[in-house]
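Input: a single structure, listed below in structure tokens.
The values are calculated or read from the model by the stated rules, or taken from the named source; none is laboratory data. In this text, all values refer to a predicted model and were calculated from it rather than measured experimentally. Note that we place each Cβ from the backbone using ideal geometry, even for glycine, and neighbour counts take in every protein chain shown.
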Amino acid sequence: MKGEASLWLALVKEKQGKPDEAQKLVQEAGKINKNSEAVFKQLKALEPLK
């Protein structure tokens, strides 16, 4: 759960314009799940709901 939560928090930080903080969270998640970087890129590519 912690890895997934870190990814979502990283996405929030990215949207807030804090890419350095986002990257740290992605790296933290990567310690738990090696696919975290790829998952983060997919999450960033999602379009917001209208």
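The set of residues from the stretch 11-36 being assigned to a helix (DSSP H, G or I) and polar (S, T, N, Q) comprises Q23, Q27, S36. Of the residues making up the stretch 1-19, those that are of a type in the set (D, E, K, R) and surrounded by 12 or more Cβ atoms within 10 Å (Cβ to Cβ) are E4, K13, E14, K18. For first residues located in the stretch 29-50 and at negative phi, partners that are at pLDDT 90 or above and of a type in the set (K, R) and lie 6+ apart or on another chain with Cβ distances below 9 Å form the pairs K44/K15.
Residue check: I32 meets all listed conditions (1) under 8 Å from the mean Cα position of the chain (by Cα); (2) surrounded by 13 or more Cβ atoms within 10 Å (Cβ to Cβ) but one, namely (1).
Here K50 fulfils each of the conditions (1) part of a helix (DSSP H, G or I); (2) exposed (fewer than 13 other Cβ atoms within 10 Å of the Cβ) apart from (1).
Here W8 fulfils each of the conditions (1) out of contact with any Gly (no Cβ under 8 Å at 6 or more places or on another chain); (2) without any contact (Cβ under 8 Å) to a residue 12 or more places away in the chain; (3) in a helix (DSSP H, G or I) apart from (2).
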